[in-house]
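Presented below is the structure to which this report refers.
Readers should treat all values here as calculations from the given coordinates under stated rules, not as data from a laboratory. Bear in mind that the values here come from a model prediction, so they are computed numbers and not experimental data. Positions of Cβ are backbone-derived with ideal geometry, glycine not excepted, and every protein chain shown enters the neighbour counts.
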Amino acid sequence: MNYRHAYHAGNFADVVKHLALLAVLLHLRKKASPFAVIDSHAGRGLYDLRGEAALRTGEAAAGIGRLLQQPAGLPPLLEYYLDVVRAAGDGRYPGSPWLAAHLLRDSDRLIAIEKHPEELAALADVLSVCAHTRAVAGDGYARLPGLLPPRERRGTILIDPPFEKDDEFARAAQTFAHCYSRFATGIYLLWFPLKTSAQAESFMAEILNCGVRKALRLDIEVAGAGDGEKSRLRKAGLVIVNPPFGFDAQMQEAGAALADRLGPDARLSLVWLAGEGL
Ligand SMILES: C[S@@+](CC[C@H](N)C(=O)[O-])C[C@H]1O[C@@H](n2cnc3c(N)ncnc32)[C@H](O)[C@@H]1O
């Protein structure tokens, strides 16, 4: 386990993923009934944008750094996302567990799983001041299905592995299949790096093979994503299974504004894989 998210936190792919997560959380908050958020690969929760790792790759500067410099007048979802990022503190970038914890109501809860001991310790520290949250040690692939369905019978599941091993596309797809068989009404967000289109297509096929009725694919591509030797990622995707009503239009609007501000070469696309817009 060499992967450390601190090198990549706040990059173009992270901000799109977190914007989508925020849109889902805001949707879940529209109903009074409680919801659960489960993050299978949670990371440390909060990242230092002035730390050695962030400065080494320059990815955050080319991502969230550009967005924070922009004037007002952005679509409401993007504006709200940037307010949440600012609320994390100057020079800090909130990861998915922090973002979720920030949006929980008293009746909702977050379970955040992390395998790496140092990341887990940092995560536990960050979540220690957030009510209704739990940092769990272990393998997210193995632990996630057992947590489903959540007792609330409503919620979102983020599957966001590091993809540092060759079998991680297969493990993510298998884990999703197991989860979906236990909780088919959950809103799933599956992040993936877009290395080859064949790999991405076969990942999509495995997800659709589970009998998914509603799914969207969101791709983001940026040519200049950072200068360091560790910044090789140029394209990434997100599959959203059971996206909430109106999510596509909201992400299209906020995502277009976000891509615009990431740079002239940034492209974002949203495609229905199953259901609604097909
Ligand atoms: C891409 S990062 C997560 C970023 C986080 N979800 C966010 O958006 O802020 C992936 C994390 O998974 C952790 N990890 C690696 N293998 C894991 C596993 N099998 N189970 C749980 N966590 C794992 C890594 O230590 C790393 O912190």
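Observations on the model:
- Gyration tensor analysis over the Cα atoms of the range 60-141 returns equivalent ellipsoid semi-axes of 26, 16, 10 Å (largest first, whole Å).
- Estimated 222 nm signal from helices in the chain, with DSSP H stretches of n ≥ 4 weighted -39500 (n - 2.57), rounded to 500: -11500 deg cm²/dmol
- Near residue 177: Cβ cut-off under 12 Å, other residues only, Lys/Arg at +1 and Asp/Glu at -1. The net charge is +1.
- Other residues with beta-carbon under 15 Å from the beta-carbon of residue 17 carry, at +1 per Lys or Arg and -1 per Asp or Glu, a net charge of -4.
- Under a 5 Å amide H cut-off, with hydrogens placed 1.01 Å from N, residue 45 pairs with 95 among residues at least 5 apart or on other chains.
- Computed FRET value (nearest 0.05) for residue 79 with residue 213, which takes r as the C-beta separation and R₀ as 30 Å: 0.40
- For residue 275, neighbours were defined as the other residues whose beta-carbon sits under 15 Å from its Cβ, and their charges (Lys and Arg +1, Asp and Glu -1) total +1.
- Here the dipole of the range 5-274 is about 800 debye; that uses its Cα centre as origin and unit charges on the Cβ of Lys and Arg (positive) and Asp and Glu (negative).
- Shape category assigned to the range 125-278 from the gyration tensor of Cα positions, a/c cut at 1.5: rounded
- Counting lysine pairs in the chain that sit 8 or more residues apart in sequence, or on different chains, and whose Cα atoms lie under 28 Å apart gives 21.
- The calculated pair-distance distribution of the range 1-50 uses every alpha carbon pair, bins of 10 angstrom beginning at 0, and gives 20, 45, 27, 8, 0 percent.
- Taken about its Cα centre, the range 1-124 carries a charge dipole of about 240 debye when Lys and Arg each add +1 at the Cβ and Asp and Glu each add -1 at the Cβ.
- Using C-alpha pairs below 8 Å separated by at least 6 residues, the relative contact order for the chain is 24 percent.
- A simple spin-label model places pseudo-atoms 7 Å from Cα toward Cβ; at residue 52 and residue 181 they are separated by 4.6 nm.
- Among 189, 123, 82: highest mean-square fluctuation, GNM of the chain, C-alpha pairs under 10 Å: 82
- Pair-distance profile P(r), taking every C-alpha pair of the chain, with 10 angstrom steps and integer %: 7, 31, 41, 20, 1
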